[in-house]
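Computed from the coordinates by the stated procedures, all read-outs in this text should not be read as laboratory data. Predicted model, so just to flag it, every value in this text is computed and none were measured. Positions of Cβ are generated from backbone atoms using ideal geometry, with glycine treated the same way; all protein chains shown enter the neighbour counts.
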Amino acid sequence: MVLPSLKNCLWLPCVLRTPKACFWSTAGGGLIIQSVSNDVYQNLAVEDWIHDHMDLEKQQILFLWRNSPAVVIGRHQNPWQECNLRLLRQKNIKLARRRSGGGTVYHDLGNVNLTFFTTRKKYERMGNLKLVVKALKTLRPQLDVHVTDRYDILLNKQYKISGTAAKLGRTSAYHHCTLLCNADKFVLSSVLKSPYKGLKSNATPSVPASVKNLFEEDASLTSEILLDAIAKEYAVRHQIDHHITLINPADETLLPGISNKTKELQTWEWVYGKTPKFSISTCLNMAYKDSVLDIKVDMDVKHGRIEACNIDLPEQWLPPGLYSELVKSLTGSKFCPNEITMLVTTLLKVCPQDDELHSRWSLLCENMIRLM
Amino acid sequence: VCIHRVRSCSSIRFIKSKYVCVFDKSALKFSHQQRLFRTSPVSCGQIVQFKLSDIGEGITEVTVKEWYIKEGDSVSQFDSICEVQSDKASVTITSRYDGIIRKLHYSIDDIAFVGKPLVDIEIDASKGVSPEEDVVETPPMSHEEHTHQEIKGHKTLATPAVRRLAMENNIKLSEVVGTGKDNRILKEDILNYLAKQTGAILPPSPKAEIVPPVWKTEAVPAAPKDKARRIPVPVSRPIAFSGKDRTEPVTGFQKAMVKTMSAALKIPHFGYSDEVDLTQLVQLREELKPLAEVQGVKLSFMPFFIKAASLGLLRYPILNASLDENCQNVTYKASHNIGVAMDTEQGLIVPNVKNVQVCSVFDIAVELNRLQSLGSAGQLGTSDLTGGTFTLSNIGTIGGTYAKPVILPPEVAIGALGKIQVLPRFNGKGEVVKAQIMNVSWSADHRIIDGATMARFSNLWKSYLENPASMLLDLK
């Protein structure tokens, strides 16, 4: 059922300027495509591309995709608030910010993504979710699944198996949702728990929920089976062939400009810099020599950069000149452990060569970096 | 004139308000508004209240999350104005007009209401003759004749988007047959016209609009699909360069580098360069590489260079020293913490291998692997980046032969290694042979280090590398 489309294209007798034209035009009001890539940035870029460039008047599109381990936050969310960034870095799990709203999700190959592309006028999330539920029930009639008015899909009226988000542009819109088939629930719960304290922000918060994999309910279900069932239901709904076209998100001829979109989604400015303004007000507990110091730290972070910073150190603990140098350098820096590490170690080079001073400086800086 | 202006202003506003609040009324009425404003004899533009259009699904209020423009910015039709969020949906609101933003009705995190004003835009009535008008050859109109254009006696209706498409393809609207209501020209009509011209079947291709960039500082690239549809008529146009200068503040790590490098330049540097014949070392490394690989370690040349430097520092400890700010005391450091300059995305970082004096070449290789992988992942810790006493910079991996490296305070010496080249050299018998040659450029602090010391250190280091077996004699 799944065919490489471009091979077919080249044999069609029509005169075309580019092969991509044939790829995109189909008979019937719908097109089902599936990504061959598991890279979250590439797949999000495909969504952007279709949203920006496709004319969805004549046909709607269903896009099926899966990612290797990644955490995806909503457009207006705060990654420090939503997930354990330290753990993500350790486990090499990617962090992405999507362009649609909504909450944070954990993706891995056991979590399936569906994107419904329509014109803005035809944007209607409930219908899409009901289609998914219908597909699931057609596949396994005994499954107790239903759509809530928060646009979640619940299993056994208790467990969330799908979350939704949407993006609306001037003329087109998309609604995407996840479907938990067989994701690693242990990793999911540990990465989605933020260890950062003292954060105050107006970013969209995620609403935590109990989750369950469909695989746990029925061990015969796999991601492939579920994707196929949903595609079949979509095909019926739009009266088109149950035919899934494969798409390669790295194909620049098919999707001109896609590599720029992919790169943009990976930039620090997008992933972290788009965080709405927030502040941190917390206490560092530093064990120094035989005592424990309680250092109050206040920081304002805007566009992912430290806008203002205040550290309440005991008097003369650091030479005042050095303290003001530290604050001055922190201001305007990215709120990023790597950047700050490089910054403080570089600053140390021009400090007086005093072991005591160096150890205090290192202690303070290491604790500050743990906030990021 | 003044009174006339006021009167025409008020009548314009009255007619306009009927159309502004309904989002998807036919574009015809919108074009009517545009026509009106262009013919206004007034130089100051009209303030239009752009209302928040319907989001769908019966939603009445949204939260404003980000503004893409600020008061005083000029916008074009279809530019993004702001991002709003409603119940897990993020919506990009685009401008319906060309003009200047005069007022933002909401701040970030405010609740905005559908149907209420979002921004005030001053429509620029005094803008020069619009390119669309050039194409359609419209004579100036009075505001009674707002719905149609008179072109040689024929009325031509088209939306601004269609006009733009026609203009981009050098098409006169008067020559296109309109198939829409009232003979309106639609986008398909332009495409059909183009197809007839070129004889090709044009695909139902992606939309023509270029998505405006989120960051205003970058120049907008033209959408490649436009090129596909344009008629290939060679026109010699003056080459216009639309790049803009971009100014960014120096922040964070860069700021720290500025400080360090300024301090470094206060050190009186002197340079010393030499050539090293690595032919034997190259061979040795080839033999040792698989032994290291078996233990999961990548063996480059650096571990050898680092160990040889440490052996040299044992003989010339002043190169592993530090001078205090007042130049009163020289501290001879006991540990040889040799820094290795690494080029990362964030910039130049110099992690160091601690206590090389007690490490074997293999130990150094292991540690280098660890630092390199942390460095590329952006996860180096403070202890890795502090405490260095001597630095080697392997600029040769990127290219180059000679360099003039800058000493990293509080150190007093640094070496830059060029790339290894295969060059002809004379051997002991006077024959020309292939030799693997690398250049090294040292810089040292002339306040406490003299040329002779540097030269002797360099010779020693060179001798260890040119004859690796000699390192065995001095290894501790």
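Before moving on, here are some points about what is shown:
- Of the residues A:VAL292, A:SER259, A:TRP361, the one whose Cα sits farthest towards the positive end of the charge dipole of the stretch A:254-365 is A:SER259 (charges of +1 on Lys and Arg Cβ, -1 on Asp and Glu Cβ, taken about the Cα centre).
- Value at 222 nm in deg cm²/dmol, rounded to 500, when DSSP H runs of n ≥ 4 in chain A each add -39,500 (n - 2.57): -10000 deg cm²/dmol
- Those aspartates and glutamates that a straight Cα-Cα span of less than 20 Å connects to A:LYS289, excepting residues fewer than 8 apart in one chain: A:ASP312, A:GLU315, A:ASP354, A:ASP355, A:GLU356, A:GLU366
- Hull volume per residue, based on the alpha-carbon atoms of chain A and their convex hull, is 157 Å³.
- Converting phi to 3J(HN,Hα) with the Karplus coefficients 6.51, -1.76 and 1.60 and the offset θ = phi - 60°, the stretch B:75-90 yields 10, 10, 4, 6, 5, 6, 9, 7, 10, 10, 10, 9, 6, 6, 10, 9 Hz in sequence order, with x at every glycine or proline.
- With both labels modelled 7 Å from their Cα along Cα-to-Cβ, the A:ASP184 to A:ASP218 distance reads 2.7 nm.
- Cα long-axis angle, helix A:40-53 against chain A (0 to 90 degrees, to the nearest 10): 60 degrees
- Cleavage-rule hits (GluC sites (Glu not before Pro)) in the stretch A:242-333: DSSP loop, at most 16 neighbouring Cβ within 10 angstrom: A:GLU252, A:GLU315
- Longest DSSP-loop-exposure-free segment, trypsin sites (Lys or Arg not before Pro), chain A, at most 10 other Cβ within 10 Å: A:1-156
- FRET efficiency, B:ILE239 to A:ASP251 (Cβ-Cβ, R0 35 Å, nearest 0.05): 0.65
- Of the GluC sites (Glu not before Pro) found in the stretch B:48-82, not one falls in a DSSP loop while having at most 10 other beta-carbon atoms within 10 Å.
- The GluC sites (Glu not before Pro) of the stretch A:47-95 meeting both criteria, a DSSP state outside H, G, I, E and B (loop) and at most 15 other C-beta atoms within 10 angstrom of the site's C-beta, are A:GLU57.
- Of all DSSP beta bridges in the stretch A:30-272, antiparallel share, percent nearest 5: 65 percent
- Where a label projected 7 Å from the Cα of A:HIS358 along Cα→Cβ would reach, residues of the stretch B:379-407 with amide N under 12 Å: B:383-390
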